[in-house]
């Protein structure tokens, strides 16, 4: 993998080259190198399987050039990139593409400029993750499976469920992946000429386990900043949660009090709330919080912050992919929409939008601090900071704060009749983001609560939620102090979600009744 | 200077790469199988928003992906992939050879660890198997792209001009159109597949698409966002002339985008769709059924889901619980319903060989109501004891292929669509697809429509916004009592599957259908 110094040298040379081009009025060079390594897992006790199904990787490096040139039609801006070549030749090829594709965008103001904030996060990752070998990658995947199989083999509950003691006949399933992301980048521009660089590496494990004969499913996941921390924990957690979900019951349609677990919280945030908390969603009239910056959008219990510079959190970076410092953006404070995730382009755009006040609900100039561009990233290809993309706003670590936080058992005791939702599936804003209507199904780790106690697990895939995100946010009545990082399939951010978020009423529909007769 | 990454590159490296794979398989100890995909593309694209240009680009791409199956006591797979650039062209075989060794190392390491666990996991180790691929005929073929105007012969200026012109036209269509986004792209791509079994497939294809997003706000403040896609494996001509084929009929992109604007504006003035609370008669148009067949037939008919390989991500399939409990040969729909996948149908999902070199064939999933088959890969076919049917595809050569739809459709019926509506005393007509949500094994769905019309006494009445239908999949399919003769196919530009996520272009479609389901409006 290319070293940071190679990337720094490349952008330095790029800047020197660009300054020799008279038509270039401003420019930015971004070089990166990324490795994404996965072991995809597939184990089934009743169907032939590989266990570690796909030990694999994709890697890339290259340079992206953004330029501003004068033309008879006005200021033009263009972008081009070249893969696998950090030399001057690569710079020339990227520059040629940028020049060829340059367009007049009347809304373009400038390339990113200093915001007055300073970088606070340096040297925050474990360098040994960068040196993971092929053998190490494969071994790590088998370790996760060992954790799951160990839990299955050691379970008395499972042994008593198995006829003739054959656990394999129970239809045991372990799927998921171990993901290793290795990222390096360097950036420089006319506006910020000092070459800056960043390096990060994380490991995540995401496991779903089933005892299929009992329609029981459980999830396990873990995030690691240190290679030595890797263990089979995600696998054993998934398997244990599946065992805990045996003998699930059906629950009738209706409105229920709900405690959302970490994964459902992350799922709702990733699909509805965070996309609505970006300046671009306000500009294009799509946010479900349109016109409500500075107004109540959730219960006062909710305070949610995007913290991109926090040491020890998995989504942290030192600088954004625009060369600006990461930091803290308070998104919702005491239920009030307080800040938005921005990249430089969208930040400038909303500040200069004649309809900005109508869209935000407040004067953009009065709230410019709330939209400071700390979130411009070039995430792509399943992870990594891509030299071939322009930045868009992305969250990093979403954390929750509450002075009224309690523990999960206390929340459960408050529920007369309700549902502890452990995992949601296929959550979408079905009528567009603006409307806030959502639908999703419960697919694992969910329990029926009665008289303040967990009564029974809920059978997999038997309930659908049809509701609205505004109802859910305004209906939050309690939150736990403790949080854990939730890993979502396909998401770039990590949500450090509370162990429980209590909502007073959510609408459920019973579904898939025909499956009782089918299997 | 001549651009080094171009479609003709494959001609220069084809034989060398084929020999590399054959020699490597012989040379590497305990190596059972090797395959390689190399893909080159040359692409042009432009975007505009509200009549203002945002970007344009002419670029190229080069990538490869390798699979090695190797091992001493047990065979296991290993993979390696990279995105490449101009600097790699001259030494391409060496670059790929280096990657091949890494894929091999991973396979060998995994093989050893799998063998250890076969005994170490007691009873649970017995299902670990020595990786196998069902046999196929090794084919050698060269397939040219089909287009009238090559994506490379149209200038970037012309592409930008059309993009901006359409965006301006949509912006000025009506004052209630507040935001619009237009993306046009046109590309020529070529993929080489070679394997140690002497398969050699060299396929070129054009791909052109236009995407349009419109945000309209009605006079009373109701906002509607709608998007649509026009696309085909053809050249530039589909944007200027549209498509007029037997089952694919699409207007030129300007008209297509303006139609979307018109719909968005009328919907912004419409009342919200009511919820029925119980099953009602629903008639769905071919465009709505495009997403319906995709979600409740296509996806659960992917055999990797059936064999639990997607349990953590895309989910399982209620069509198969295990080898003894499944729906093969059993009724899952009314006898009027048939559905199949056919990669030879035109459109986004068209191809002749999949990414394992398997020659494709049409697969019936539902044959007059009876569930009859899955899309598969060589590995999953080997597990089920079936014949491979050519549905193993990746969105790019640098991704590991997955079982994906090609073109999956509801079969054509015999009824005149107008008569299907005219027979309805009271019900609803759902036109155009919007957003889906399906339960994990695909046993229940809720899919919103672009437009929902009330039907009274056989006639379309009021149009509603923000509505759709919800049902258990089997219950809905069994309720179908009329199928039209108006099969149409549409492009799906963004089907997501896999870890990492692969957004794949494919085709779906169907005729007008009538069944029963719950009508669901919004709560917002």
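Structure notes:
- Taken as a whole, the condition of being buried (at least 21 other Cβ atoms within 10 Å of the Cβ), more than 8 Å from chain B (Cβ to nearest Cβ) and touching a helix residue (DSSP H, G or I) at 6+ places or on another chain (Cβ under 7 Å) applies to residue A:86.
- Any hit, the range A:311-332, residues being part of a loop (DSSP other than H, G, I, E, B), closer than 15 Å to residue A:277 by Cβ, at pLDDT 95 or above and out of contact with any helix residue (DSSP H, G or I) (no Cβ under 6 Å at 6 or more places or on another chain): no
- If only residues of the range B:108-129 that are touching a residue at least 40 places away in the same chain (Cβ under 8 Å) and more than 7 Å from every other protein chain (Cβ to nearest Cβ) are counted, the one that is surrounded by the most Cβ atoms within 10 Å (Cβ to Cβ) is B:111.
- Count of residues meeting criterion [at the interface with another protein chain (Cβ under 9 Å from one of its Cβ atoms) and surrounded by 23 or more Cβ atoms within 10 Å (Cβ to Cβ)] in the range B:86-101: 0
- Residue A:250 meets the conditions (1) surrounded by fewer than 21 Cβ atoms within 10 Å (Cβ to Cβ); (2) free of Cβ contacts under 8 Å to residues at least 60 places away in the same chain; (3) within 14 Å of chain B (Cβ to nearest Cβ) in every case but one. The failed one is (2).
- Restricting B:76, B:81 to those that are within 14 Å of chain A (Cβ to nearest Cβ) and within 23 Å of the chain's Cα centre (by Cα) reduces the list to B:81.
- Sole exception among (1) within 12 Å of chain B (Cβ to nearest Cβ); (2) out of contact with any helix residue (DSSP H, G or I) (no Cβ under 8 Å at 6 or more places or on another chain) for residue A:266, by number: (1)
- Lone unmet requirement of (1) within 12 Å of chain B (Cβ to nearest Cβ); (2) not in a strand (DSSP E or B) for residue A:404: (1)
- Total residues in the range A:132-185 satisfying the condition of being in a strand (DSSP E or B) and more than 11 Å from chain B (Cβ to nearest Cβ): the figure is 5.
- Verdict on residue B:22 being assigned to a helix (DSSP H, G or I) and either more than 30 Å from residue A:107 (Cβ to Cβ) or within 27 Å of the chain's Cα centre (by Cα) (or both): yes
- Only one entry in B:357, B:329 is modelled with pLDDT of 95 or more and crowded, with 21+ Cβ neighbours inside 10 Å, namely B:357.
- Criterion applied to A:331, A:351 was being under 16 Å from the mean Cα position of the chain (by Cα) and more than 19 Å from residue A:380 (Cα to Cα), and the one residue passing it is A:331.
Here is a yes/no grid of residues against (1) within 13 Å of another protein chain (Cβ to nearest Cβ); (2) surrounded by fewer than 20 Cβ atoms within 10 Å (Cβ to Cβ); (3) touching a strand residue (DSSP E or B) at 6+ places or on another chain (Cβ under 9 Å):
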{"site": "B:457", "(1), (2), (3)": "no, yes, yes"}
{"site": "B:465", "(1), (2), (3)": "yes, no, yes"}
{"site": "B:468", "(1), (2), (3)": "yes, no, yes"}
{"site": "B:481", "(1), (2), (3)": "no, yes, yes"}
{"site": "B:488", "(1), (2), (3)": "no, no, yes"}
{"site": "B:499", "(1), (2), (3)": "yes, no, yes"}
{"site": "B:504", "(1), (2), (3)": "no, no, yes"}
{"site": "B:514", "(1), (2), (3)": "no, no, yes"}
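- The set of residues in the range A:89-125 that are in contact (Cβ under 8 Å) with a residue 40 or more places away in the chain, within 11 Å of residue A:63 (Cβ to Cβ) and at the interface with chain B (Cβ under 8 Å from one of its Cβ atoms) contains only A:90.
- Within the set A:465, A:472, A:479, A:454, the sole residue that is within 25 Å of the chain's Cα centre (by Cα) and surrounded by fewer than 24 Cβ atoms within 10 Å (Cβ to Cβ) turns out to be A:465.
- Only one of A:442, A:438 that is farther than 15 Å from residue A:259 by Cβ, within 21 Å of the chain's Cα centre (by Cα) and either in a loop (DSSP other than H, G, I, E, B) or more than 7 Å from chain B (Cβ to nearest Cβ) (or both): A:438
- On inspection, residue A:27 qualifies as at pLDDT 95 or above, more than 7 Å from every other protein chain (Cβ to nearest Cβ) and either under 30 Å from residue B:316 (Cα atoms) or touching a helix residue (DSSP H, G or I) at 6+ places or on another chain (Cβ under 8 Å) (or both).
Every residue, every condition in (1) facing chain B (nearest Cβ under 8 Å); (2) more than 19 Å from residue A:189 (Cα to Cα); (3) part of a strand (DSSP E or B); (4) at pLDDT below 95, yes or no:
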{"residue": "A:42", "(1), (2), (3), (4)": "yes, yes, yes, no"}
{"residue": "A:65", "(1), (2), (3), (4)": "no, no, yes, no"}
{"residue": "A:72", "(1), (2), (3), (4)": "no, yes, no, yes"}
{"residue": "A:79", "(1), (2), (3), (4)": "yes, no, yes, no"}
{"residue": "A:82", "(1), (2), (3), (4)": "yes, no, yes, no"}
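The values are calculated or read from the model by the stated rules, or taken from the named source; none is laboratory data. Small disclaimer: the values here were computed from a predicted structure and weren't measured. A quick note on method: Cβ atoms are made from the backbone with ideal geometry, for glycine too, and the neighbour counts reach across all protein chains shown.
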